[in-house]
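*Asks:* Before we start, here is the structure in question, set down as structure tokens.
The values are calculated or read from the model by the stated rules, or taken from the named source; none is laboratory data. Predicted, not measured: the structure shown is a model, and the values here were computed from it. Counting neighbours? That spans all protein chains shown, and the Cβs are built from the backbone with ideal geometry, glycine included.
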Amino acid sequence: MSALRFTLRHSPPSAIDVSGLRPSALAGRTRKEIAAIALQGWNEAWQVGDLFAIRGDDASRIVIDGADDRLIRAGAGLEGGELTIVGVAGDYTGEAMRGGSITVRGDAGDYVGAGMRAGRIEVTGDAGAFAGSGRAGELRGMSGGAIVVRGRVGDRAGDRMRRGLLLVEGAAGDYCAARMLAGTLVVLGRVGIMPGYLMRRGTLLFDEPRTQLPPTFNRNGRHDLLAIRLLLESLSGHGRAFRQFARAGPFGRWLGDLGCDGKGEVLIARE
Amino acid sequence: MTAGNGDVAGALAIDGVAIEDTFAEAFGMRATRLVITADDRTWARHAAVSATGFATSVIACGCEAGIERDLAPGETPDGRPGVAILIFAMSSKDLQKHLERRTGQCVLTCPGTAAFNGVPPAIAHEWLNLGGALRYFGDGWQISKLIGGRRHWRIPVMDGEFVCEEKAGLVKGIGGGNFLILAADAAAALAAAARAVGAMRKVRNVILPFPGGVVRSGSKVGSKYPALVASTNDAYCPTLVGAVRSALPAGVGAVLEIVIDGLDAPSIASAMRAGIMAACRGGLRAGVIGITAGNYGGKLGPHHFHLRQVLE
């Protein structure tokens, strides 16, 4: 059996919700039945067959080929199986996913992994703003699983993050981990302004010694903590960059945000 | 516990040492394995020795505990030298209480140590609170961290942080596996027991909870004093030969017992086999006369380790 492959015939005129193209929704259906599934757009619905050429038959492995940013919510609510998006993944990719894995071979839009509970998302390119956060107005961001971005993430990555891993090989925009409740965010590139702003708990690990923290963080000293070594070791499976970072330390440690409980920690390598 | 319900005459012999046709009677217990690590083996051992102290018998100690084995850095979750200990109790509630107390008083207190669950999730029957119970020592400054899918607690202490896994697995173990070494004198009995303990310590999944792995005060159920639930096993006391109905064959001047607690029956049987074979080494020339085992007639404990089957 080969992966069920959806190749985009033409870019839709407006955003289309493609969350229906996930393993649990397609299992046991024929290609003809799948082609007749309606995908909701901004003000009109499209049939899958009108938008995509369909090949393959293994619904547990789905590929969306030639994707562009108008295909939003790809893999939203994913419960298991594999979804690969080749091209550009639109906003809300992997939103509220509960298992399985999503690989974006290219860039992803805003809110990747928003509110996800479990599973793994990997973006080989850049991701937009609010990666791993919650939707606007929601009280919690991601609460489990892992998001790995090989490129950069935009502003507000990990906003209100509750649990899980957000790993960024490139740079992070402003206000990453703002209002973080708990969890772990690692950024190996440069970090924008005000990281950890109003974070309550959680761990931020930065490889950039010039990172500027908000004034409401207190210096805690230089530490080589067993728990951090264990944590870094556990990240080794997420790629060579994180394997190398696992050898970093001791870290400069800061506690904050003191304007909001102050039980979060920021660890900065080579500081 | 009484020993020697079986037949000595015509018994199996190893190096001329008679193996009585009897069995050890053992009981179901609740058990857990804790992995204690530290910056070096010395400090991991300090914590492990302390955590397994005063834990020879549930009768008065509440639990039975011992060091299972030393762990190489490559065998521990944090890559540091470690020690695996096993703790046994009569109920899940008792085990929870003693795990919490011993880890809190003997591991958390010991410089540089960390504590991890040592029971593979696949065989865990229940989960006990480990760090989940000790975290309150952090007085609100404790940090929870999910590492590799397992929750750990980081409790601030004066040398940094005490890292402790949140849960420890509980397995249905077995306590009270045993055998007795009948020897010509105390020196021969002790030398045979030491040989046995040395061999048995190489077996995994078991501990020998008594001092040095050996018991000299074998007991029987009950006493002439109503307050006591157990008293000396007079039938095996050489100084009572002629005063009581002795079970000691002619020429026996001392008896020592080895008690084994294990996570499963095959491990206990392996340990008994290794121990008996080692104890019999040298045979009669080494002053070892016979091997027997303690039981209650088979009416109380569901696990019976027949010496002859164990040695097959």
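Quick grid of which residues meet (1) under 15 Å from residue B:26 (Cα atoms); (2) modelled with pLDDT under 95; (3) not in a strand (DSSP E or B):
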| residue | (1), (2), (3) |
| --- | --- |
| B:228 | no, yes, yes |
| B:246 | no, no, yes |
| B:260 | yes, no, no |
| B:266 | yes, no, yes |
| B:289 | no, no, no |
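*Asks:* With the structure loaded, tell me whether residue A:69 is surrounded by fewer than 20 Cβ atoms within 10 Å (Cβ to Cβ) and modelled with pLDDT under 95 or whether it fails that test.
*Replies:* No.
*Asks:* Which residues, counting only those in the stretch B:42-73, are among the aliphatic types (A, V, I, L, M) and closer than 17 Å to residue B:89 by Cα?
*Replies:* B:51, B:55, B:58, B:59, B:60, B:65, B:67, listed by residue number.
*Asks:* Can you find, within the stretch A:229-242, the residue that is nearest to residue A:263 (Cα to Cα) among those that are of a type in the set (A, V, I, L, M, F, W, C) and more than 9 Å from chain B (Cβ to nearest Cβ)?
*Replies:* Across the stretch A:229-242, the extreme among qualifying residues is A:232.
*Asks:* Conditions first: (1) part of a loop (DSSP other than H, G, I, E, B); (2) out of contact with any strand residue (DSSP E or B) (no Cβ under 6 Å at 6 or more places or on another chain). Residue B:252 passes all but one, so which condition is the exception?
*Replies:* Only one criterion in (1) part of a loop (DSSP other than H, G, I, E, B); (2) out of contact with any strand residue (DSSP E or B) (no Cβ under 6 Å at 6 or more places or on another chain) is unmet by residue B:252, namely (2).
*Asks:* Mind checking whether some residue in the stretch B:123-143 is among the polar types (S, T, N, Q), surrounded by fewer than 24 Cβ atoms within 10 Å (Cβ to Cβ), touching a Lys or Arg at 6+ places or on another chain (Cβ under 6 Å) and within 14 Å of chain A (Cβ to nearest Cβ)?
*Replies:* Yes, because at least one residue in the stretch B:123-143 is among the polar types (S, T, N, Q), surrounded by fewer than 24 Cβ atoms within 10 Å (Cβ to Cβ), touching a Lys or Arg at 6+ places or on another chain (Cβ under 6 Å) and within 14 Å of chain A (Cβ to nearest Cβ).
*Asks:* Those residues that are assigned to a strand (DSSP E or B) and either more than 13 Å from chain B (Cβ to nearest Cβ) or over 16 Å from residue A:269 (Cα atoms) (or both), I need them from the stretch A:157-184; list them, please. First the steps, then the outcome.
*Replies:* Residues of the stretch A:157-184 that are assigned to a strand (DSSP E or B), as a first pass: A:163-168, A:172, A:184.
A:163, A:164, A:165, A:166, A:167, A:168, A:172, listed by residue number.
*Asks:* Among the residues of the stretch A:11-21, which ones are at pLDDT 95 or above, of a type outside the set (Val, Ile, Thr) and in a loop (DSSP other than H, G, I, E, B)?
*Replies:* A:15, A:19, A:20, A:21
*Asks:* Also: Please count how many residues of the stretch A:116-139 are over 12 Å from residue A:102 (Cα atoms) and of a type in the set (S, T, N, Q).
*Replies:* Number of matching residues: 1.
*Asks:* Shifting gears a bit: In the stretch B:30-56, what count of residues is obtained for those that are touching a Cys at 6+ places or on another chain (Cβ under 9 Å) and in contact (Cβ under 8 Å) with a residue 24 or more places away in the chain?
*Replies:* Of the residues in the stretch B:30-56, the ones touching a Cys at 6+ places or on another chain (Cβ under 9 Å) are B:36, B:38, B:43-44, B:46-55.
Retained after the next criterion (residues that are in contact (Cβ under 8 Å) with a residue 24 or more places away in the chain): B:36, B:38, B:43-44, B:46-48, B:50-53, B:55.
Counting residues in the stretch B:30-56 that are touching a Cys at 6+ places or on another chain (Cβ under 9 Å) and in contact (Cβ under 8 Å) with a residue 24 or more places away in the chain gives 12.
*Asks:* For the stretch B:144-159, give me each residue that is within 10 Å of chain A (Cβ to nearest Cβ) and free of Cβ contacts under 8 Å to residues at least 12 places away in the same chain.
*Replies:* Within the stretch B:144-159, B:145, B:146, B:147, B:148, B:149 meet the criteria.
*Asks:* Can you give me the number of residues within the stretch A:185-210 that are within 18 Å of residue A:121 (Cα to Cα), away from chain B (no Cβ under 14 Å) and in contact with a Ser or Thr (Cβ under 9 Å, 6 or more places away or on another chain)?
*Replies:* Qualifying residue count, the stretch A:185-210: 1.
*Asks:* List pairs: first in the stretch A:22-38 and within 22 Å of residue A:100 (Cα to Cα), second surrounded by 13 or more Cβ atoms within 10 Å (Cβ to Cβ) and of a type in the set (Asp, Glu), Cβ under 8 Å, 6+ apart or cross-chain?
*Replies:* A:22/A:79; A:23/A:79; A:23/A:82; A:24/A:79
*Asks:* Let me ask something additional. For the stretch B:160-169, which residues satisfy the criterion of being surrounded by fewer than 23 Cβ atoms within 10 Å (Cβ to Cβ) and either at the interface with chain A (Cβ under 7 Å from one of its Cβ atoms) or not basic (Lys, Arg) (or both)?
*Replies:* Within the stretch B:160-169, B:160, B:161, B:165, B:166, B:169 meet the criteria.
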